[in-house]
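Computed from the coordinates by the stated procedures, all read-outs in this text should not be read as laboratory data. Just so we're clear, the structure is a prediction, and the values are computed from it rather than from any experiment. A quick note on method: Cβ atoms are made from the backbone with ideal geometry, for glycine too, and the neighbour counts reach across all protein chains shown.
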Amino acid sequence: MSDIETSDIGTSDLETMVVGLCRDARAAARQLATASTRTKNEALAASARGLRQRSDTILEANRRDVEGGRAAGLSDALVDRLTLDEGRIEGVATGLEQIAALDDPVGETIERWRRPNGLEISQVRIPLGVIGMIYESRPNVTADAAALCLKSGNAVVLKGGKEAIHTNSAIAEILRAAIVGAGLPPASVQLIPTTDRAAVKVLLRQREFIDVIIPRGGPSLIEAITDESSIPVIQHYAGVCHVYVDADADLEMARRIAVNSKVQRPGVCNALETLLVHQNIAQRFLPAVADDLGAANVELRGCRRTRALVPVASAASEEDWSTEYLDLILSIRVVDDLDTAVDHIATYGTGHSDVIVTDSYTNAKNFVAAVDSAAVYVNASTRFTDGFMFGFGAEIGISTNKLHARGPMGLRNLTTYKYVIEGSGQIRE
């Protein structure tokens, strides 16, 4: 597929194109729902081979996107999200193979029981149908989303950001070739081949063909899609993630966890944005961890008590506590106790990933019970909130919703269920 610039297509033609892609995806979904596990796995294996064999094509397309992104003034964090190299392509290909190796959720019997009248009732897992995926500058999402949807028996309509149009198109071509080669319908994976934002508005009206919309991107994108969509949306507004260092923490462990959570890859949604430190250990802990973070070029913003211990920190504003920096910037607050830390997370957090570092079983148990986030950790980095790290092979997104799916969305989160009732002639009296 080649990219189509905004000026290249009229409003009527754009709507016709998007509606046609969605209609074709609906037809493909009916075939995918009954596709064998072996056929789906063959398509995934062929996709992984294709990504490796045609990595030069992907990298050349990505080079064009990265150059365009830099020229457009993208931040370093967004350029990092956009950039692929041989190692990242290999990671994507490996992720596809891991998805192929996972159990197929389609057809799984969740529960089965027998009624007194002899009816056998089964709750059976089935695909959602057609998923609309809207995402920004991460081209790996093209492969991850397509693979997860394919394995779970769903067709997918992809709308990537304009920053990655060349890379997304190159990846989608490779995947579609592999899918067709395995005998599955080419419309199983559809990429809307335009940079025109009006295509998103058209997509969001296709409730006849699309069952759910999954957006991945910044809060403004998620809010706009949620407001405009006539289709149910699985949301992930932002990742304002916290690490709380308890009075009973192993401080060396806490330093490692805090630094890893912030520095290992700062431009992603599971990176640490606010560090909370119990007042009883702040004097021992904060200067040391500030040195570690400073060595990694992290800008520190802190409360009054933090700045008294870490003079290099600037004053944190009220806005800082609720900001997803996606950069080497960290807010730090000294808190009175665990309850204050939990209150801070409840006030400013986004329900994504939050950590307590502690040797106290009671404090860990209370934190886990009180913090209402998709992922709550005890003594581990926030960076593990990821489908690959959770053993899902990959993820289609991280949901902060409470209905249908929450946290990293792997295969089972892309299914629903139906009831299958087997009888022997029973009628209701």
_On a straight-distance basis, which lysines could pair with residue 201 in a cross-link, Cα separation under 17 angstrom, same-chain partners fewer than 8 positions away excluded?_
159, 162
*How large is ³J(HN,Hα) for each residue in segment 210-216, as worked out from phi by the Karplus curve 6.51 cos²θ - 1.76 cosθ + 1.60 (θ = phi - 60°), to whole Hz, x for Gly and Pro?*
10, 8, 8, 10, 10, x, 10
*Roughly what % of DSSP beta bridges within the chain run antiparallel, to the nearest 5?*
30 percent
*asked:* I'd like the distance between the alpha-carbon centres of segment 406-429 and segment 260-333, rounded to an integer number of Å.
replied: 47 Å
*For residue 53 and residue 339, what is the calculated FRET efficiency with R₀ set at 51 Å and r taken between the beta-carbons, to the nearest 0.05?*
0.35
*For the chain, what is the calculated [θ] at 222 nm in deg cm²/dmol (nearest 500), taking -39500 (n - 2.57) for each run of four or more DSSP H residues and dividing by its residue count?*
-13000 deg cm²/dmol
_Tell me the net charge near residue 262. Cut-off is 13 Å between Cβ atoms, residue 262 excluded, with +1 for each Lys or Arg and -1 for each Asp or Glu._
0
*Dividing the alpha-carbon Rg of segment 146-268 by 2.2 N^0.38 Å yields what?*
1.41
*What does the charge dipole of segment 241-384 about its Cα centre add up to, to the nearest 20 debye, if the Cβ of each Lys and Arg holds +1 and the Cβ of each Asp and Glu holds -1?*
340 debye
*asked:* Between residue 417 and residue 201, what's the calculated FRET efficiency when r is the beta-carbon distance and R0 is 51 Å? Round to 0.05.
replied: 0.95
_Using +1 at the C-beta of Lys and Arg and -1 at the C-beta of Asp and Glu, which of 407, 340, 378 has the Cα lying farthest in the positive direction of the dipole of segment 327-426?_
407
*Could you give me the radius of gyration and the Dmax of segment 292-429, taking only the C-alpha atoms into account and expressing both in angstrom?*
21.1, 80
*Using the Cα centre as the reference, give the magnitude of the dipole from point charges on the C-beta atoms of the chain (Lys, Arg: +1; Asp, Glu: -1; all else neutral), rounded to the nearest 20 debye.*
1040 debye
*Which of the lysines could a cross-linker span from residue 151 if the Cα-Cα distance has to be under 17 Å and same-chain partners fewer than 8 positions apart are dropped?*
40
*Interatomic Cα distance distribution for segment 135-211, bins of 5 angstrom, percent*: 3, 16, 27, 25, 20, 9, 1
*What is the chain by shape, rounded, prolate or oblate, if you read a ≥ b ≥ c off the alpha carbon gyration tensor as root eigenvalues and call it rounded for a/c under 1.5, prolate for a/b larger than b/c, and oblate otherwise?*
oblate
